[in-house]
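Notes for the one structure printed next.
All of the numbers you see were taken from the coordinates with simple rules; none came from a lab. If you're wondering where the values come from, they're calculated on a predicted model, not measured in any experiment. All Cβ positions, glycine included, derive from the backbone under ideal geometry; neighbour counts span all protein chains shown.
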Amino acid sequence: MRVGIGYDSHRFEAGRPLVLGGVTIPGHPGLAGHSDGDAVAHAMIDALLGAVGVGDVGSRFPAGDELWKDADSMELLRQSVVELEGLNYQVVNVDVTVICETPRIGPHVPAMRARLGELLRVGPNFVSVKGKSNEGMGWIGAGEGLAVHAVGLVDSIRKPHDFTVGGGGALAV
């Protein structure tokens, strides 16, 4: 088993939809960014790629590359999961903390857990999403943006073995 930590932060930007964990949150300015700005997806990509030591969101999907302009960050996360699987790893569980004054995260947690659980191939019971306030401190407390911390646990994919009884009663692989 391997564990990785991810972090992302973005400023709010009027005129963009707010997308967190693949869920659009109405009535709130979105996040500035080259892609759709989904800081939950970005932090999760960092955590999962970091767990297996193959980089981060910026190295895989550089902000200067027009290919990723306005990209759906959940698609970037999906590609990262496919990369993990290609390296013989699978997601075990994830834990995400969104730090902001607004919007309130709690009402959107079930939808985020469902969306992330489906994409990560673990189901919502293995996805934790929490919202926390910054208690009015700093740029987050001033309502200028939000930050996300993510932790991802991965394990090698267990492949079935063909165990047969060999000579002398020993198991041969």
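Using a Gaussian network for the chain with springs between C-alpha atoms less than 10 Å apart, which of these wobbles most: ARG158, ARG121, ARG11? Top of the fluctuation ranking is ARG158.
The distance linking region 80-122 with region 1-43 is 12 Å (Cα centroid to Cα centroid, whole angstrom). Shape verdict for region 38-111, please, from the Cα gyration tensor: rounded (a/c under 1.5), prolate (a/b greater than b/c) or oblate. Oblate, because a/c is 1.5 or more while a/b does not exceed b/c. Over all other residues within a Cβ to Cβ distance under 15 Å of LEU18, the charged ones net out to -4, with Lys and Arg as +1 and Asp and Glu as -1.
Could you check what % of the DSSP bridge pairs in the chain are antiparallel, to the nearest 5? The antiparallel fraction comes to roughly 80 percent.
In the chain, the DSSP-assigned H stretches of four residues or longer account for a calculated mean residue ellipticity at 222 nm of -8000 deg cm²/dmol, using -39500 (n - 2.57) per stretch and the full residue count as denominator.
Based on the reciprocal of the average 1/r between different C-alpha atoms, the Kirkwood radius for the chain equals 16.9 Å.
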